[in-house]
Structure formats: C-alpha cells, structure tokens
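For reference, the structure is listed below as structure tokens.
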Amino acid sequence: MKYVIIGAGGTGGIIGAYMTKSGKDVTLIARGRHLEAMQKNGLKIERIWTDIQETVPVRAMTMEEYVDKADVVLVCVKGYSLDETIPFIKKISHDDTVVIPVLNIYGTGGHIQESLPDILVTDGCIYVSANIKEPGVLLQHGKICKIVFGLREKDRTSHVLEKVVKDFSDSGIDGILSENIKRDALQKFSYVSPIGAAGLYCNAVARDFQKEGEPREMFKSMIREITAIADAMGIQFEEDLVDINLKILRTLAPEATTSMQRDVLEGKDSEIDGLVFEVVRLGRKYNVPVPNYEKVAIKLGFKQ
C-alpha cells in the first residue's frame, strides 16, 4: 500500500523512518529546511537512551510535489495546522483511501470527516515522544511507539485497516485496531494534555513528574478531572488512568518535555487551545469542575 504521512516531526517523522526501514512505500510531506535536509541527507534519528544513531533514506516532498494517489494517509500535524491538510487529502485520495489522524487533540477524526464526507476517516492517537532537534534530525526520548486507531461508527468498515495493523507491526510499531476508539483516544488525551499543561504551569520536565512533589500531584489531579469529564460523557475506562499514565511517564528520559511546552517556550504557535482550553470548555459543557485546568488556562491567557 502507498502511505502518505503529512508532517515529518516527532510523530510523522518517527513513523516514516520506522516504516521506510521495513520496506514500506512511504512518502513524508514536509516543508522548509527540515524537508531540504531530509531530501539531501535522509532523516537522522538520535535516541536519548543510546549513543547509536541512524540515518534513514526517507522519501520526502511538499504537498505540491506529490501527485500520486494514496491508500493510507496519516495526518501528523499540529492541531492548528489541521485545516491546511484538507485540500491535499482530497486531492490524493481514491475511493478506498483511509485517513488516520494521530494528533494530540481529541476528536480530530470527526472534524476531518465533516470536511471530507466521501473519504473514510478513522480516529487515532499515538504514543511516542520525539522532536525535531535540528533540520533533518529527530531526537527520540522514549522507546514506546504505539498507534491506536479505529472507526467511530460500527456500521462502517474497510479491508484496509487490518493491513495497516500488519504494516505497523512489520515496522516495529505497536499498531492496535481499537473497537472503542472514542474511549482509547480520550485515554491518550488524558496523558498528553495533563503532562503538557502541568509541565507549562510548573516549568517541569519528566524527572519532576517521576518523583513525588507538586508537579506530579497536579498531573494526577488533572488526569482525574479528565476522567470525570469522561464519566459525564458516558465513557468508562477499564483501568485507573492515573496508574496507566504514571507507567508511561516512567518510560521517558528524565529531561523529556512535551511539544506544547517547547513551542510555547520558543514563542511558536502551540496546541494550548486544544490541549488545555478545550478541557475547560468541556468541563463547563458537562457541568464538571476542573479547577486545575481552570488555574492553568487562566495563567496561559484563556479568555473567560
């Protein structure tokens, strides 16, 4: 199958490198100096836990340069860039194309589906920690690389989805086809949102959450606030999300941070609206108190 991955940062770049190494037909869509470096030298992967580095000769180009049709489109951009991908996805899709968004923000699959009603769009999420260290170079902070995706509606289906799971597995990616993607995507959100929000509020890195103290307690409290919203939405989790997310946290290098933290500190566009402010809005919609999110949102400029 032909895969197109829109976005070649810490999410899309890692997926593209893993799948290219295993011989899959993958094209990364990128731009600027990062694209130029990948086209010239390949994509270099550095990992915090080892001195061994590797360079993968990925295929990379701009949206304008790509003229083929894709069987699977993985959307790996930041939430604020999502709408820019819609015309491109429409251009490269055929009747059986499947679109799999793996953004941090909850509910992006439904948003894309509204814009592309004739194309099958799943929901999805990814567990990976990495960032662009410099053009053409990704720094991976933890060994985990898991993609969870699935259909929101039970009456829809596609023969492509099981093939995607196998291709992920062949590539060393833990691919899971979920039977309850609304729950599983919200479970991932219950990690990435609190860790980013508390990280910004407390100016904390992974090591600060890996030990007892204020950042860790805020992280845990914010997870519980999301769990309460999920209860109000009728979404039940099989395990305690605090325990699950603390286990994920233990896999990270002590100096790891979130992309939202890095973007804010560097003065770039960030996903604050979707990862922090949206939780406040959901709390108000479902009449669920979210005092920690309210506190963080106010500090980050949320308009009442």
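For the range 84-96, state whether one or more residues are under 23 Å from residue 270 (Cβ atoms) and assigned to a strand (DSSP E or B). Scanning the range 84-96 turns up no residue that is under 23 Å from residue 270 (Cβ atoms) and assigned to a strand (DSSP E or B). For the range 186-196, the criterion of being out of contact with any strand residue (DSSP E or B) (no Cβ under 8 Å at 6 or more places or on another chain), over 30 Å from residue 4 (Cβ atoms) and in a helix (DSSP H, G or I) is met by at least one residue. Does residue 161 qualify as being closer than 24 Å to residue 272 by Cβ, touching a residue at least 60 places away in the same chain (Cβ under 8 Å) and not small (Gly, Ala, Ser)? No, not satisfied. A Cβ distance below 7 Å, combined with a sequence gap of six or more or placement on separate chains, defines the contacts here; from the range 238-263, residues that are within 16 Å of residue 190 (Cα to Cα) reach residues that are among the charged types (D, E, K, R) and open to solvent by 30 Å² or more (accessible area, probe 1.4 Å) in the pairs 242/220; 242/224. Restricting 208, 123 to residues that are farther than 30 Å from residue 33 by Cβ, in contact with a helix residue (DSSP H, G or I) (Cβ under 9 Å, 6 or more places away or on another chain) and either open to solvent by less than 10 Å² (accessible area, probe 1.4 Å) or without any contact (Cβ under 8 Å) to a residue 24 or more places away in the chain (or both) narrows the list to 208. Output the residues belonging to the range 18-43 that are in a helix (DSSP H, G or I), touching a strand residue (DSSP E or B) at 6+ places or on another chain (Cβ under 8 Å) and under 12 Å from residue 8 (Cβ atoms). 20, 34, 35, 37, 38, 39, listed by residue number.
For (1) aromatic (Phe, Trp, Tyr); (2) assigned to a helix (DSSP H, G or I), each residue gets a yes or a no:
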{"residue": "172", "(1), (2)": "no, no"}
{"residue": "201", "(1), (2)": "yes, yes"}
{"residue": "204", "(1), (2)": "no, no"}
{"residue": "217", "(1), (2)": "no, yes"}
{"residue": "238", "(1), (2)": "no, no"}
{"residue": "254", "(1), (2)": "no, no"}
{"residue": "263", "(1), (2)": "no, yes"}
{"residue": "267", "(1), (2)": "no, no"}
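Looking at the range 15-45, which of the residues that are among the hydrophobic types (A, V, I, L, M, F, W, C) and more than 15 Å from residue 73 (Cα to Cα) is farthest from the chain's Cα centre (by Cα)? Taking the candidates together, the pick is 37.
Only one of 103, 74 is touching a helix residue (DSSP H, G or I) at 6+ places or on another chain (Cβ under 8 Å), outside any loop (DSSP other than H, G, I, E, B), surrounded by 19 or more Cβ atoms within 10 Å (Cβ to Cβ) and aliphatic (A, V, I, L, M). Can you tell me which? Show your work before the answer.
Numbers: 103 fails: outside any loop (DSSP other than H, G, I, E, B).
After ruling out the rest, the residue left standing is 74.
The values are calculated or read from the model by the stated rules, or taken from the named source; none is laboratory data. Just so it is clear, the model here is predicted, and its values are computed rather than measured. No Cβ is skipped: glycine too gets one built from the backbone with ideal geometry, and neighbour counts run over all protein chains shown. Quick note on the areas: whole protein, heavy atoms, side chains included, nothing else; ligands and nucleic acids left out. Shrake-Rupley method; radii C 1.70, N 1.55, O 1.52, S 1.80 Å.
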